[in-house]
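The block underneath contains the structure these notes are about, expressed in structure tokens.
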Amino acid sequence: MSTEPPPYGSGPPPDDDDQFRKQPPPPHQGGGSPYDPPPQQPPPGSRPPPYGGGPYGGDPYGGGQYPNDPLSGMPPLADSGKRVLARIIDMILVAIVVGLLAWAFRISQYSVDSDDFEFGKSLAQEALAAILYIAYDTFFTVRNGQTLGKKLMKLRVANLNDGSTPSVQTALIRAAVLWIPFAFCCACIWTAIAGGWSFFDKPYKQGLHDKAAKTVVVSTG
């Protein structure tokens, strides 16, 4: 059996069912001087750096020179302001459901004489909020990368490496990093930090939850 490493790009074929998965570019056509040096190729078995750079180039706007650069063909990154508006819409929608369920099951936060009883009510509502926010975000992200807020703002969550719709595991990690601190301790402060990170992040405008899940948010319109 040969001991040579498998050629670059070998492995099982990608799932073609995802309409958002980036397609390989057409083969280069055209001439060139026979004395031009051959294009630089990656060593066998290597992969391009996930954030571009390196000797083979790469940027988030399709300017990569790497033969199979996962960043080539990336749709325009979403405007951070639109991301904030989409998140506010999602928070309002889920908050309404949380409030109704908390009222129905009598676990809403209110003051009583017993501190322990009040703490139990508060913790139960926080747990309910965390579960619903994570379930909402995960379900719609896996479905097509768009929560209701993102759909209204024409945005979509995509895997950084190939632009496809995130898997259940990826979407769950992304939602958990965003919503667990929000529900149990930091609320709006954490949301502002995690989401607001995209205003300053370069070059992919990622929030902290995007970095944890290796995703980006792109524009669909």
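The values are calculated or read from the model by the stated rules, or taken from the named source; none is laboratory data. All values reported here derive from a predicted model rather than from experimental measurement. Because the Cβ atoms are built from the backbone with ideal geometry, glycine has one as well, and the counts that use them run over all protein chains shown. Note: areas computed on protein heavy atoms with side chains; ligands, DNA, RNA excluded. Shrake-Rupley method; radii C 1.70, N 1.55, O 1.52, S 1.80 Å.
Among the residues of region 189-207, the ones that are open to solvent by less than 20 Å² (accessible area, probe 1.4 Å) and farther than 12 Å from TRP179 by Cα come to 6 in all.
Residue-by-condition table, conditions (1) without any contact (Cβ under 8 Å) to a residue 12 or more places away in the chain; (2) open to solvent by 60 Å² or more (accessible area, probe 1.4 Å):
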| site | (1), (2) |
| --- | --- |
| LEU123 | yes, yes |
| LEU128 | no, no |
| TYR133 | no, no |
| LEU148 | no, yes |
| LEU155 | no, no |
| PRO166 | no, no |
| LEU172 | no, yes |
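Is there a residue in region 171-180 that is at pLDDT 95 or above and in contact with a strand residue (DSSP E or B) (Cβ under 8 Å, 6 or more places away or on another chain)? The answer is yes, given that some residue of region 171-180 is at pLDDT 95 or above and in contact with a strand residue (DSSP E or B) (Cβ under 8 Å, 6 or more places away or on another chain). Among the conditions (1) in contact with a strand residue (DSSP E or B) (Cβ under 9 Å, 6 or more places away or on another chain); (2) of a type outside the set (Val, Ile, Thr); (3) modelled with pLDDT under 95, the only one that SER122 does not satisfy is (1). Taken over region 146-170, residues that are at pLDDT below 95 and on the phi > 0 side of the Ramachandran plot amount to 1. With the condition kept exactly as written, say whether any residue in region 85-108 is within 15 Å of the chain's Cα centre (by Cα), at pLDDT 70 or above, open to solvent by 40 Å² or more (accessible area, probe 1.4 Å) and within 21 Å of THR165 (Cα to Cα). Within region 85-108, not a single residue is within 15 Å of the chain's Cα centre (by Cα), at pLDDT 70 or above, open to solvent by 40 Å² or more (accessible area, probe 1.4 Å) and within 21 Å of THR165 (Cα to Cα).
So for region 147-168 (the condition being more than 19 Å from SER219 (Cβ to Cβ) and touching a helix residue (DSSP H, G or I) at 6+ places or on another chain (Cβ under 9 Å)), does at least one residue qualify? Yes, some residue in region 147-168 is more than 19 Å from SER219 (Cβ to Cβ) and touching a helix residue (DSSP H, G or I) at 6+ places or on another chain (Cβ under 9 Å). With respect to the conditions (1) within 15 Å of THR220 (Cα to Cα); (2) surrounded by fewer than 17 Cβ atoms within 10 Å (Cβ to Cβ); (3) among the charged types (D, E, K, R), ARG143 lacks only one, and its number is (1).
With respect to (1) open to solvent by less than 20 Å² (accessible area, probe 1.4 Å); (2) over 19 Å from PHE140 (Cβ atoms); (3) in contact with a helix residue (DSSP H, G or I) (Cβ under 6 Å, 6 or more places away or on another chain), the lone exception for PRO181 is condition (1). Of all residues in region 73-84, those being open to solvent by 70 Å² or more (accessible area, probe 1.4 Å) and part of a helix (DSSP H, G or I) number 1.
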